[in-house]
Amino acid sequence: MNTNNNVYTVVYTTVVCVLVAAILAFVSGSLKNRQEANIKAETISQILTAAQFDTESLKSNDDIINFYKENISMAYTVNANGNEVSCYVTEDANICNISELKKANYSVVDPAKADEIDIPVYAFKNGVTVLAIYGAGLWGPIWGYVALEPDFKTVKGAYFDHASETPGLGGKIKDDPAFRAKFVGKVVDFDDEAPLSIIKGIAPDAKANAVDAISGATMTSNGLSKAIVSWVNAYKGYILSQQAVAREPQGEVMPLAVEESENINE
Amino acid sequence: MDAKLKETILNPIFKGNPISVLVLGICSSLAVTVELKGACVMALSVIIVTGLSSLVCSLIRKTIPNRVRIVIQLTVVAMMVILVDQVLKAFAYGIDKQLSVYIGLIITNCIVMGRIEAFALGNKPIPSLLDGLMNGVGYGMILVIVGFFRELLGSGTLFGFPVLKAIGYTNNGLVILPPMALIFLGCIIWVQRSIQKDLQEK
């Protein structure tokens, strides 16, 4: 048969394309549930790692989800004023997944959409609260979690992940435990334009709200820093209101104090 | 036939090594040799993908229209890579996370396409499978050698374990950067050409 005539070529390529597409669609469709379960368990394990829980012993997906259910107190989303928007069902270990984080990122970085801010908060029973961040690295999206101590000022821990940063360089934001350990004990300081950031070549104790960047990965470090700054600023309303509650042992005293100060202004 | 098969298996390891002789797959050998672990994982995935794509292309070699053969090869390779990725995501998520960007990089690896063009389209499936696998091994070997030196001298570690810290070695930042991989590759090619005189240009 002449494999070089036009009709054959067109028919052949069409058949190959349809066949390959069908195989891929079938495989992707039949593996989807398993993949999503894996991704959810991984996201939860990242949240737990950021909050400095020991996740080493949690091997299977079920272990991770059960551990999360035991320790989570409340999971919900907040707006720019720090008010709760919607609540996740913690019994089902429902969380804000990466695609939802990506969507939320539009309102975080675009000032025009600032009033649509709807970002997740995970409050654990031991008082630690985990906030999410999302942004752009050098080659693709990066995201992560920053955990705050019960005083809502000190960073308890952090965990970052990425889609396609260079292994050994930008990939260190995830792979190098020493990098995320640098965040522990830092403080979120809203008096600074960048409440919590990554700065190139800074000494470990030079600044209470900044950590040193990764050498050889300036673009990824800058992207991560930008992501942290914009997201922490988006959480500003929430963090400040919680700081006020944390300072005051009786939480309900605070609204009164706010009213008083408003009266003075009038 | 036996001698020919032996040639197919042994040639890609040294005499016709895809990186040091054919100079294919240089880009990925710069990108993934910062750490030894990454180099090993990349080597393993390339071995699987080159083997399987060569096998499939060899099976359909007589039906492929000559004018669109590159497109068809590309489709087959891309499908293989996506299949491997999807299966790993569902059944070995931990390994898939380690592979991260490498798995996508395999599609761009010239060795896969190069071996299909040069060998699989003109040979029977079994020798093609072996040729694909062994070229993957030849590629992986160089990757592991370069990765070994880059991780050892650049970060002072091997597979993430600190080895040179004890003797007070200061990490060489230059070795981590891509240009140093080229210099290591150059050294390997130099060594090979001084052993294998017929490769030397007059």
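So that you can scan it fast, the table gives a plain yes or no per residue for (1) closer than 30 Å to A:Gly171 by Cα; (2) more than 10 Å from chain A (Cβ to nearest Cβ); (3) surrounded by 16 or more Cβ atoms within 10 Å (Cβ to Cβ):
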| site | (1), (2), (3) |
| --- | --- |
| B:Arg61 | no, yes, yes |
| B:Met79 | yes, no, yes |
| B:Met113 | yes, yes, yes |
| B:Ile116 | no, yes, yes |
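Return yes when A:Asn66 is out of contact with any Phe, Trp or Tyr (no Cβ under 9 Å at 6 or more places or on another chain), away from chain B (no Cβ under 11 Å) and exposed (fewer than 14 other Cβ atoms within 10 Å of the Cβ) and no when it is not. Criteria met by A:Asn66. The combined condition, being more than 21 Å from the chain's Cα centre (by Cα), outside any helix (DSSP H, G or I) and either more than 10 Å from chain A (Cβ to nearest Cβ) or charged (D, E, K, R) (or both), is not fulfilled by B:Arg69. As a summary of the residue check, B:Leu143 satisfies the conditions (1) away from chain A (no Cβ under 14 Å); (2) in contact (Cβ under 8 Å) with a residue 60 or more places away in the chain except for the one numbered (1).
Of the residues contained in region A:16-32, none is found to be within 27 Å of the chain's Cα centre (by Cα) and within 18 Å of A:Ala163 (Cα to Cα).
Checking each residue in region A:153-165 for being surrounded by fewer than 23 Cβ atoms within 10 Å (Cβ to Cβ) and within 13 Å of chain B (Cβ to nearest Cβ) picks out A:Asp161, A:Ala163, A:Ser164. Remark: A:Asp54 matches the filter, which requires a residue to be more than 14 Å from every other protein chain (Cβ to nearest Cβ), among the acidic types (Asp, Glu), assigned to a loop (DSSP other than H, G, I, E, B) and within 30 Å of A:Pro150 (Cβ to Cβ). Restricted to helices (runs of 4 or more DSSP H) entirely inside region B:79-141, those with at least 3 residues that are more than 16 Å from B:Gly38 (Cβ to Cβ) are B:110-118.
Being out of contact with any Lys or Arg (no Cβ under 8 Å at 6 or more places or on another chain) and within 7 Å of chain A (Cβ to nearest Cβ) is the filter; apply it to region B:90-111 and report the residue that is modelled with the lowest pLDDT. So, considering only residues that are out of contact with any Lys or Arg (no Cβ under 8 Å at 6 or more places or on another chain) and within 7 Å of chain A (Cβ to nearest Cβ), the one modelled with the lowest pLDDT is B:Ser100. I'd like to check something: does region A:17-29 contain any residue that is under 12 Å from A:Tyr122 (Cβ atoms) and of a type in the set (Gly, Ala, Ser)? Taking every residue of region A:17-29 in turn, none turns out to be under 12 Å from A:Tyr122 (Cβ atoms) and of a type in the set (Gly, Ala, Ser). Across region B:22-44, the qualifying residues are those that are of a type outside the set (A, V, I, L, M, F, W, C) and not in a helix (DSSP H, G or I), and the one among them that is surrounded by the most Cβ atoms within 10 Å (Cβ to Cβ) is B:Thr33.
Of all the listed residues (B:Ile47, B:Ile19), the sole one being more than 12 Å from chain A (Cβ to nearest Cβ) and either surrounded by fewer than 16 Cβ atoms within 10 Å (Cβ to Cβ) or touching a Phe, Trp or Tyr at 6+ places or on another chain (Cβ under 7 Å) (or both) is B:Ile19.
For region A:119-159, residues that are more than 23 Å from A:Asp176 (Cβ to Cβ), assigned to a strand (DSSP E or B) and among the polar types (S, T, N, Q) total 1.
All conditions but one from (1) among the small types (Gly, Ala, Ser); (2) buried (at least 18 other Cβ atoms within 10 Å of the Cβ); (3) facing chain A (nearest Cβ under 9 Å) apply to B:Ser128; the one that does not is (3). Within region A:1-51, the set of residues being in contact (Cβ under 8 Å) with a residue 12 or more places away in the chain and more than 10 Å from chain B (Cβ to nearest Cβ) comprises A:Lys40, A:Thr43, A:Ile44, A:Ser45, A:Gln46, A:Ile47, A:Leu48, A:Thr49, A:Ala50, A:Ala51. Restricting attention to region A:193-216, and to residues there that are of a type in the set (D, E, K, R) and surrounded by 15 or more Cβ atoms within 10 Å (Cβ to Cβ), which single residue is farthest from the other protein chains (Cβ to nearest Cβ)? Checking each candidate, the answer is A:Lys207.
Annotation: of all residues in region A:174-196 being part of a loop (DSSP other than H, G, I, E, B) and in contact with an Asp or Glu (Cβ under 7 Å, 6 or more places away or on another chain), the one that is farthest from A:Ala50 (Cα to Cα) is A:Pro195.
Consider A:Ser107 carefully, then state whether it is among the hydroxyl-bearing types (Ser, Thr, Tyr), more than 18 Å from A:Ala147 (Cβ to Cβ) and in contact with an Asp or Glu (Cβ under 6 Å, 6 or more places away or on another chain). Yes.
Quick check: anything in region A:197-212 in a strand (DSSP E or B), among the charged types (D, E, K, R) and under 30 Å from B:Phe161 (Cα atoms)? Looking for residues that are in a strand (DSSP E or B), among the charged types (D, E, K, R) and under 30 Å from B:Phe161 (Cα atoms), one finds at least one in region A:197-212, hence yes.
The values are calculated or read from the model by the stated rules, or taken from the named source; none is laboratory data. Bear in mind that the values here come from a model prediction, so they are computed numbers and not experimental data. As a convention, Cβ positions derive from the backbone with ideal geometry for all residues, glycine included, and neighbour counts pool all protein chains shown.
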